[in-house]
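Encoded as structure tokens, the structure appears first; notes follow it.
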Amino acid sequence: MSFRTWYESQKRTRKFHPGWIVMTVGGTLLVAGVIAVPATLVAETAPPPAAAPSLPGASGHGKAPGEAMPKVIEQTPSPARLRNAKAIQVDFSPPSDEAMPTGEFGKAVRLGKAIFTDTQTYARQYVGNKLNCVNCHLGAGRKADSAPLWAAYGMFPAYRDKNKHVNTYEERLAGCFRFSMNGKAPAPDSKEMVALVSYSYWLAKGAPLGVELKGRGYPQLAEPSQKPDAARGKQVFEANCALCHGADGQGTEMGGRYVFPPLWGKNSFNGGAGMSTVKNAAAFVHANMPLGKGSSLSEQEAWDVAKYVDSQPRPPDPRKGKSS
């Protein structure tokens, strides 16, 4: 019996026959094979899709409460950078103040910002000079290239050469109080420490952990063509810095509060602070000073004025007990 004759007999009698299953499955596999092969070839040879264009306002600044956090966009690293994962930098923008959380956690975040911007009022018992945290971390800890909190938080715990062991983020903050503030550290469970950590955590919300973010710390300068010189640095200071910090480097005080901080003497950072190292001070100065005119000084001028400022008397490093 031919296939056509068999098929017509099945239609007339409407009887089920197992051969129908074989015919159906075989036909399905045949059709699928015909379609799948060319589809695979097209997929393998087609060019990759073009990258989606970036949207306006994607930086994340000025977002209203409840809006999505900004996305982290990784730069395409060079092969040299791939050999050192820590050196691969990514872009990140912290959330706006308008997006601060509510409730008890929101209170802690707001207290953390208050301590950071007005340490003299909100953490006075832990401070031994006239500085506020914001003097070295501009923009309430937000400004890129001024050691922003959002870029520091995700890099701890980490080993530090300064004290030769792995530090938690709380210990890193404690060091700021001990050296930069020439004071004593709040206890890890104190309301001040909890608030500062909460503020840092919130600023870093959405950032990857253990990855160096663009703007972290101060942009390090290349070694100067001339050895840093305090005499040249004094001239740079008088021309560019004395207007705000005073000819004697003791800052500008109004109504019992410092508008511009003292750079040396008993009311400034001590000899153990990171800013007492010329290379750190030079990097900060070049990126951020004069205030609002960062990068206006040459790198050599930044090295020289940092040498001049760090050569002035200040409280001793508490680990050494002598003036730096």
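Read the figures in this text as sums done on the coordinates, not as results from a lab. These figures come from a predicted structure and were not determined experimentally. As a convention, Cβ positions derive from the backbone with ideal geometry for all residues, glycine included, and neighbour counts pool all protein chains shown.
Data overview
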read-out: With 10 Å bins from 0: P(r) over the stretch 181-229, alpha-carbon pairs, percent; value: 18, 28, 31, 17, 7
read-out: Sequence ranges 112-121, 269-278, ranked by mean other-Cβ count within 10 angstrom, highest first; value: 269-278, 112-121
read-out: Pairs of Cα atoms farther than 16 Å apart, the stretch 218-324, %; value: 57 percent
read-out: Kirkwood Rh and Cα Rg combined as Rg over Rh, evaluated for the stretch 82-217; value: 0.96
read-out: Loop trypsin sites (Lys or Arg not before Pro), the stretch 221-276, which have at most 14 other Cβ atoms in a 10 Å radius of their Cβ (DSSP); value: LYS266
read-out: Cα-projected label distance for GLU238 with LYS214, points at 7 Å along beta-carbon direction, nm; value: 4.1 nm
